[in-house]
Amino acid sequence: MTTFKLHANPLRTGALLTLVAGALAVDAIAATAVKSPMLLTAPVTSSAAADSNVFDGSVQAVRQSAVAAQIPGAVVSLTVKAGDAVKAGQVMLRLDARAAEQTAVAGTAQSLAAAAAHAAAARDFERQKQLFAKNYISQAALDRSEAQFKATQQEASAQLAAAGAARAQSGLSVVKAPYDGVVSEVAVALGDMAMPGRTLLTLYDPRSMRVSIAVPQSAAVRLTPGQAVQVDLPGTLVGRITPVSTQALPTVDPATHTIELRLDLPKGLQGVTPGMFARAWLPAVGRAATRLFVPARAVVPRAELTGVYVLGADGRALLRQVRLGRVQGDTVEVLTGLSPGERVVLEPQAAARLF
């Protein structure tokens, strides 16, 4: 049996080891490039909180009325729509008043009949008094005549009052604006049946508006008259304004332990309507806190959460959920989820593709 021995060539072995080492180095460089991609980042900046606390609220009309029907009837005329400006006394809606008008006519006829009966009883009573003075009738006959006279007098008064009520009911079929305002909602259409108490239209006075906010009880009790309060109405050209007066309701919500604070706005503000979002700045209570900010472009909006990609110590960017506050220029306040000094990725889409 012949045995063959293979002798390794030192030159070939060295070349092979060099190639293997080079390939491993290339893989390490590639891994490092994937692990630490060149992404634009920015630090989480911090600043001392201003001497105010921010609360969200909504705009309300100081004077708002739900105009309801007082009599039943079908809507036969509707002259306004939502958004229309109306003057005091302007006709906005009419109801079918035929039944009420017939009732008013019947009441008037009954009052005239009662008045005629009363006049006849009055003349009869005068004759009975003359006969009694000549001793032609008894005292009992005179008393019966007087009783009949008084009964017809009261009946005539009752029928007259009933006729007036019927005429008033007939007049309630015409719905007029109680004051100068704007129609915010029309709850009926032509042909709808109006019933007593059912809201037909909603009207508000645009000259008197206020902002309503819910303030924690601990903060509300420290508010004193004369403190600086400011209101912002995002989406309008009004800007930040100072309320003309502040009112805290005397009751506390037992579920949230908050107090409703009403901030009356100056009159004549343009573009301010009930239901608009509002933000109020109240004097801060206690020690000032630290506020954190990140560039607005770093925020990743998702359907279920809002987050940012945070660059970790290992060079990897991880998505972290945050809760945001108000926007200030190109930055946005972060209420929870980040710490000062951390770095956020300014290219969220690139970070999502790489990680």
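Take each of the peptides 113-122, 233-242, average the number of other beta-carbon atoms within 10 Å over its residues, and list them starting from the highest. Please report the intermediate quantities before stating the final value.
Values: 113-122: 16.1, 233-242: 12.5.
By packing density, highest mean first, the sequence is 113-122, 233-242.
Grab the alpha carbons of region 289-354, take their convex hull, and tell me the volume per residue in Å³. Don't skip to the end; give the middle numbers.
Numbers: hull volume 5.8 nm³, N = 66.
In region 289-354, the Cα convex hull volume per residue is 87 Å³.
Explain nothing, just the number: relative contact order of region 289-354, from Cα pairs under 8 Å at least 6 residues apart, as a whole percent. Show your work: numbers first, answer last.
Values: 112 pairs, mean separation 24.5, N = 66.
Normalised by residue count, the contact order of region 289-354 is 37 percent.
Search the structure for amide H atoms under 5 Å from the amide H of D180, placed 1.01 Å from N in the peptide plane, and list their residues when 5 or more places away or on another chain.
When sequence neighbours closer than 5 places are left aside, the close amide H contacts are A88.
Can you list which of the trypsin sites (Lys or Arg not before Pro) found in region 112-171 are DSSP loop residues with at most 14 other C-beta atoms within 10 Å?
Values: sites: R123, R127, K129, K134, R144, K150, R167; in loops: K134.
Counting only loop positions with at most 14 other Cβ atoms within 10 Å, the trypsin sites (Lys or Arg not before Pro) in region 112-171 are K134.
Report the GluC sites (Glu not before Pro) located in region 302-355 that are in a DSSP loop and have at most 10 other Cβ atoms inside 10 Å of their Cβ, or state none. Mind dumping the intermediate values first?
Numbers: sites: E304, E333, E342; in loops: E304, E342.
Answer in residue order: E304.
Provide the per-residue ³J(HN,Hα) series for region 53-59, in order, calculated from phi with Karplus coefficients 6.51, -1.76, 1.60 and θ = phi - 60°, each as a whole number of Hz, with x at glycine and proline positions.
Those phi angles translate into 10, 9, 10, 8, x, 9, 8 Hz.
Counting alpha carbon pairs within less than 8 Å and at least 6 residues apart, what relative contact order, in whole percent, applies to region 98-171?
Values: 67 pairs, mean separation 42.1, N = 74.
Dividing the mean separation by the residue count of region 98-171 yields 57 percent.
Taking amide H positions as placed 1.01 Å from N in the peptide plane, with prolines and chain starts having none, which residues 5 or more places from V332, or on another chain, fall under 5 Å of its amide H?
Amide H neighbours of V332: V294, A296.
Enumerate the amide H contacts of L346 below 5 Å, restricted to partners 5 or more residues apart or on another chain; note that Pro and chain-start residues carry no placed amide H.
Here L40, T41, A42 satisfy the definition.
Note the full-extension length gain between A161 and L318 as 0.36 nm times their separation in residues minus their Cα-Cα distance, in nm to one decimal.
Working: separation 157, 0.36 × 157 = 56.52 nm, distance 8.21 nm.
Contour length minus Cα-Cα distance gives 48.3 nm.
With charges set only on the Cβ (+1 for Lys and Arg, -1 for Asp and Glu), what does the dipole of region 178-260 come to about its Cα centre, in debye to the nearest 20? All intermediate terms of the calculation are to be shown ahead of the outcome.
On the way: 5 positive and 7 negative charges, 52 e Å.
For region 178-260, the charge dipole is close to 260 debye.
Mind putting a number on the dipole of region 289-354 about its Cα centre? Charges go on the C-beta only, +1 for Lys and Arg and -1 for Asp and Glu, and I need it in Debye to the nearest 20.
Working: 9 positive and 6 negative charges, 14 e Å.
In debye, rounded to 20, region 289-354 gives about 60.
Every number here is computed from the coordinates shown, using simple stated rules; none is lab data. What you are looking at is a predicted structure, and each value in this text was computed from that prediction instead of being measured. Please note: Cβ atoms are built from the backbone with ideal geometry, for glycine as well, and neighbour counts cover all protein chains shown.
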